[in-house]
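The values are calculated or read from the model by the stated rules, or taken from the named source; none is laboratory data. Remember, it's a predicted structure, so these values are computed and weren't measured experimentally. Using ideal geometry, Cβ is built from the backbone for each residue, glycine included, and neighbour counts are taken over all protein chains shown. Heavy atoms of the whole protein, side chains included, go into the accessibility calculation; ligands, DNA and RNA do not. Shrake-Rupley method; radii C 1.70, N 1.55, O 1.52, S 1.80 Å.
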Amino acid sequence: MNETVLRDGLLVTARAMAASGLNKGTAGNASVRCRDGFLITPSGRPYEDCRPEDMALMTMDGSWQGPFSPSSEWRIHRDILAAHPEAGAVLHAHSPFATALACHRRDIPAFHYMIARFGGSDIRCAPYATFGTQALSDGALAALEGRSACLLANHGMLVFGADLRRTLALTLEFETLCEQYWRALQLGEPSLLSAAEMAEVITRFKTYGRPQPTGASDAAPHAGSA
Ligand SMILES: [Zn+2]
């Protein structure tokens, strides 16, 4: 995909994050991998005022080109794209329910089988560190071990995926799970799925969306558009 298309897609995605309630104001940021590194949303600028050419182009050594400096969280985006070859896009949001959970510095346990969408039987919360620091990125990378999403303590959340479209969809799924967990907690601690129950879900997700042999149509999880 050429850089012009990726710039357009990145801006559309950043605006969609605001329109869907994931972000407000200038909070949150997004990146997409490109041939020479990655494109990332600029720092401190409302996305409705941005043009595609305002997206910063960064190389993996941290140098950048563009009319505005890159998001202050560029290290997280760079480090995820470097550590996860399967990642094509990274989104970071201060979405309401994920951030509320992150302020309690608690991992999200297997309260719902859709947790497995993010790679395992829980979603971790990275330790607190000042925004924009290498320490924050290092903590996030550790929390993302074997996962495609994490919370950031007293801050927000991170999700990565194959491309912008799928990562935005995953981010909305993640915020929905955070809301469901938050609501479940209003009634006390929810019942959790066992390790064996989650292992079965994880196995089924690995084949979800692939053609199934005749008579095996029950192999797909009941996951809507997931
Ligand atoms: Zn942030």
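Placing +1 on each Lys and Arg Cβ and -1 on each Asp and Glu Cβ, with no other charges, gives segment 53-128 a dipole about its Cα centre of roughly 360 debye. Against the main long axis of the alpha-carbon atoms of the chain, helix 195-207 sits at an angle near 60°.
Available extension along the chain between Glu48 and Ala196 is 48.7 nm, counting 0.36 nm per residue and deducting the alpha carbon span. The magnitude of the dipole of the chain, with charges of +1 and -1 set on the Cβ of Lys/Arg and Asp/Glu and taken from the Cα centre, is near 120 debye. Computed from Cα atoms, the angle from the helix 3-19 axis to the main principal axis of the chain rounds to 60 degrees. Taking only protein heavy atoms and a 1.4 Å probe, the accessible area of segment 1-123 is 52% carbon and sulfur. Along the axis of the charge dipole computed for segment 15-136 (Cβ charges of +1 for Lys and Arg, -1 for Asp and Glu, origin at the Cα centre), the listed residues Ser20, Ile123, Met60 are led at the positive end by Ile123. In terms of the mean number of neighbouring beta-carbon atoms within 10 Å, the peptides 85-95, 135-145 order highest first as 85-95, 135-145. Helix 134-143 and the longest principal axis of the Cα set of the chain meet at an angle near 20°.
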